[in-house]
1. Are there any pairs, at least 6 apart or on different chains, whose C-beta atoms fall under 6 Å, with the first in segment 26-49 and farther than 14 Å from Arg74 by Cβ and the second aromatic (Phe, Trp, Tyr), and if so, which?
2. I need a count of the residues in segment 204-255 that are among the basic types (Lys, Arg) and surrounded by 14 or more Cβ atoms within 10 Å (Cβ to Cβ).
3. With respect to the numbered conditions (1) charged (D, E, K, R); (2) surrounded by 16 or more Cβ atoms within 10 Å (Cβ to Cβ); (3) not in a loop (DSSP other than H, G, I, E, B), which one is the sole condition not fulfilled by Lys274?
4. Look at Ile125 and say whether it is outside the structural domain of Lys47 (by TED's automatic domain parsing), in contact with a Gly (Cβ under 9 Å, 6 or more places away or on another chain), farther than 30 Å from Gly249 by Cβ and among the hydrophobic types (A, V, I, L, M, F, W, C).
5. Here are Val64, Val82: which of them is out of contact with any Gly (no Cβ under 6 Å at 6 or more places or on another chain), part of a loop (DSSP other than H, G, I, E, B) and without any contact (Cβ under 8 Å) to a residue 60 or more places away in the chain?
6. Any residue that is of a type in the set (Phe, Trp, Tyr), outside the structural domain of Leu159 (by TED's automatic domain parsing), assigned to a loop (DSSP other than H, G, I, E, B) and surrounded by 14 or more Cβ atoms within 10 Å (Cβ to Cβ) - is there at least one of those in segment 18-36?
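The values are calculated or read from the model by the stated rules, or taken from the named source; none is laboratory data. A quick note: this is a predicted structure, and the numbers were derived from the prediction, not measured. Positions of Cβ are backbone-derived with ideal geometry, glycine not excepted, and every protein chain shown enters the neighbour counts.
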Amino acid sequence: MSDKSAFKILTVPEVAVVDEIKDEIDEVKTFYLSFENKEIEKKFKIKSGQFIMCTIFGAGEFAVSLPPSPENDRFHISVRQVGKVTGALHQLKPGDKVGIRGPFGNGFPFEEIKGKNVIYVAGGIGLIPLRSSIVHVLQHRNEFGRIILLYGSRSSKDLMYRYNIDEWLKIDGFETYVTIDREEPGWSGEVGFVHNLIGKAKVPTENTVAFVCGPPVMFNAVIKELLSQGLSEDDIISTLERHMKCGIGKCQHCAIGRTLVCTDGPVYTYRQIKTLGEQI
């Protein structure tokens with residue numbers, strides 16, 4: 001007998017209401033959303049690393065990663081204003097409505113990495129897509145080995161989710177390192193680029209998986225350092241962010257070689273990324 005309660009991917013936009021808006025860093029806001037249809041609200045399920053297509057009525061649609069944990073976390077998106085559609089999103093107020101399609105994509109592994117050490121390395125807003133997995137793994141802390149977050153940004157004003165970071169720094173068994181590029185008045189934490197934290201944290205390489213997300217220069221420096229420490233290419237995981245138009249593989253706007261990021265990804269191992277010939 002089929003499970004009639006099982007959630008099916010939303011292939012047409014379902015209306016969601018903006019419940020709350022939180023300013024994060026310059027040009028980045030977090031929007032807490034709830035579906036008008038409460039049956040959809042109850043059944044909507046995501047995996048860490050997936051994305052949705054968000055419609056701003058009268059402006060257009062864009063792809064956005066999902067920062068909430070799949071378990072016991074308010075549904076939200078964190079979005080940087082970069083163009084017409086995201087600019088229109090940033091003009092919305094609580095009570096306004098958007099459309100949601102999805103969730104799409106393969107997502108980050110979870111069951112497969114149980115029992116392993118889990119390393120997160122993020123730069124700037126690269127923490128947004130990693131937040132979902134971080135929170136999810138912490139909700140199952142006793143099922144993993146060491147859990148380490150290495151996070152860097154240009155300045156203290158550019159640190160995403162400062163309220164989460166403050167909480168994470170207090171969690172026993174969650175090793176959290178935060179750095180900024182240059183010294184600044186009032187900052188007592190680490191200074192320097194995030195890849196320099198890998199040695200300081202004594203990141204393990206045996207039975208370890210690393211999730212990496214950030215700008216190209218940061219990503220390449222982190223990958224080089226992780227590989228030099230002995231981590232395998234199959235155990236380094238990232239997302240390929242592309243300007244996706246449809247989310248279901250029809251328009252092929254996100255094609256890279258033989259893969260479509262929206263349906264085959266957006267999560268890939270570093271070995272797969274290299275095979276695609278993709279320049280991060």
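1. Going by the 6 Å Cβ cut-off, the qualifying pairs are Lys43/Phe7; Lys45/Phe7; Ser48/Phe108; Gly49/Phe108.
2. 2
3. (2)
4. no
5. Val82
6. no
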